[in-house]
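The values are calculated or read from the model by the stated rules, or taken from the named source; none is laboratory data. Please read all numbers here as calculations on a predicted model, not as lab measurements. Neighbour counts run over all protein chains shown; Cβ positions are idealised from the backbone, glycine included. All accessible areas refer to the heavy atoms of the entire protein, side chains included, with ligands and DNA or RNA removed. Shrake-Rupley method; radii C 1.70, N 1.55, O 1.52, S 1.80 Å.
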Amino acid sequence: MGALMSTTYIALDLGGTRVRAARCRDDGTIEARAETFTHGEDGLDAVLGRIANVTRQVWPGTPPAAVGVGAPGPLDPYTGEIFNAPNIPAFVGLNLRNRLRDIFQIPVYVGNDANVAALAEWRYGAARGHSDVVYLTISTGIGGGVITDNKLLLGKSGLAAELGHVTVNYQGRPDKCGNIGCLEALASGPAIRQIAIERLEAGEASLLRERVAGDLSQVSVELLHAAARQGDALANSVIYDAAVAIGFGVVSFLHAFDPSIVVIGGGVSNLGSLLFEPVRAIALKHIMDPRYQVPIVEAELKENVGLLGALALALDPPAQREA
Ligand SMILES: [Zn+2]
């Protein structure tokens, strides 16, 4: 390979709290990384300036082939327009791809963070070698990504695979998205915490009450996890209910997409067997044909998933439209 041939890429992981940048090779090697706080409340020019600055810190001597960007919230992966941006209000309506292309003068591709995380697990992580993948990330929200025949499912507007907003209980809790009984309203980190607090407020016995010295605002998924491992009935019950909701969601995803593997990541996946055993049991019990039975596994990439997803997007971008 010629020395001048560019094989490096820039990966940008735009989060509500942090902006991470990395110089990567196409095999997934991260050669350099930098990060800064997002401070989305400071406005558009300030945030774009921080993105440019953090990217400059990892920029290679010869221009990289492309920049891949993973961004939170719904966006148009064909044009790079941001439809909604939690914690970065100034990005709403912005064509982020075009703005960054003007700054960097090389091709830029923008993808939803959960979608690009699915690409990362497919190319570099737990779903390597699989052509059909369902990916779920369970943390503050629940995001998803679907790969069908080695291609990310995007839909006509690029809004496909919002797996956290499928209804698993239409008589359930309203979700802030406008739908009712979404997976996210039942099994995201904040939902699990809220349900635990409500049950504690209702007077159920639990180790948690003394763990937080009576201050229920201190209840967290981590404390629930620890209490559950010590045999606390309430903690086990709250986690089990969330796992069952995820399990029924997964049954629907198996029926809808017929994947060869299901990968679950995000902070809530750290619950380990407390989450995965009920999810696997529900899936096994409720699939309508044994052919739907596939591995349901924990994600592999952990804290690098956002950067590797942005890299995977840059390597395999959807056809772009000008906007
Ligand atoms: Zn929802």
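Just wondering, is there one or more residues in region 190-200 that are out of contact with any Gly (no Cβ under 9 Å at 6 or more places or on another chain), among the charged types (D, E, K, R) and farther than 22 Å from residue 233 by Cβ? No, region 190-200 has no match at all. For region 32-41, a residue qualifies if it is more than 14 Å from residue 310 (Cβ to Cβ) and open to solvent by 80 Å² or more (accessible area, probe 1.4 Å), and the qualifying residues are 37, 39, 41. Any residue in region 45-59 that is part of a strand (DSSP E or B), open to solvent by 10 Å² or more (accessible area, probe 1.4 Å) and touching a strand residue (DSSP E or B) at 6+ places or on another chain (Cβ under 7 Å)? Among the residues of region 45-59, not one is part of a strand (DSSP E or B), open to solvent by 10 Å² or more (accessible area, probe 1.4 Å) and touching a strand residue (DSSP E or B) at 6+ places or on another chain (Cβ under 7 Å), which makes the answer no.
Region 233-323 holds helices (runs of 4 or more DSSP H) entirely within its bounds, and those carrying 3 or more residues that are of a type in the set (Ser, Thr, Tyr) map to 233-257. Note on region 83-196: enclosed strands (runs of 3 or more DSSP E) holding 3 or more residues that are within 13 Å of the ligand (Cβ to nearest atom) and within 14 Å of the chain's Cα centre (by Cα) are 142-148. Within region 197-206, being open to solvent by 50 Å² or more (accessible area, probe 1.4 Å) and either near the ligand (Cβ under 9 Å from one of its atoms) or not aliphatic (A, V, I, L, M) (or both) holds for 198, 199, 201, 203, 204. Please tell me if residue 27 is in a loop (DSSP other than H, G, I, E, B) and either touching a Leu at 6+ places or on another chain (Cβ under 6 Å) or among the charged types (D, E, K, R) (or both). Taking the combined requirement at face value, the residue satisfies it.
When restricted to residues that are open to solvent by less than 20 Å² (accessible area, probe 1.4 Å), of a type outside the set (Val, Ile, Thr) and within 21 Å of residue 172 (Cβ to Cβ), region 255-277 contains 2. Being over 16 Å from residue 192 (Cα atoms) and among the charged types (D, E, K, R) is the filter here; which residues of region 230-282 pass it? 258, 277, 280, listed by residue number. Annotation note: Cβ proximity below 7 Å between a residue of region 90-111 that is open to solvent by less than 20 Å² (accessible area, probe 1.4 Å) and a residue that is among the basic types (Lys, Arg) (sequence gap 6+ or interchain) occurs for 108/97; 108/101; 110/97.
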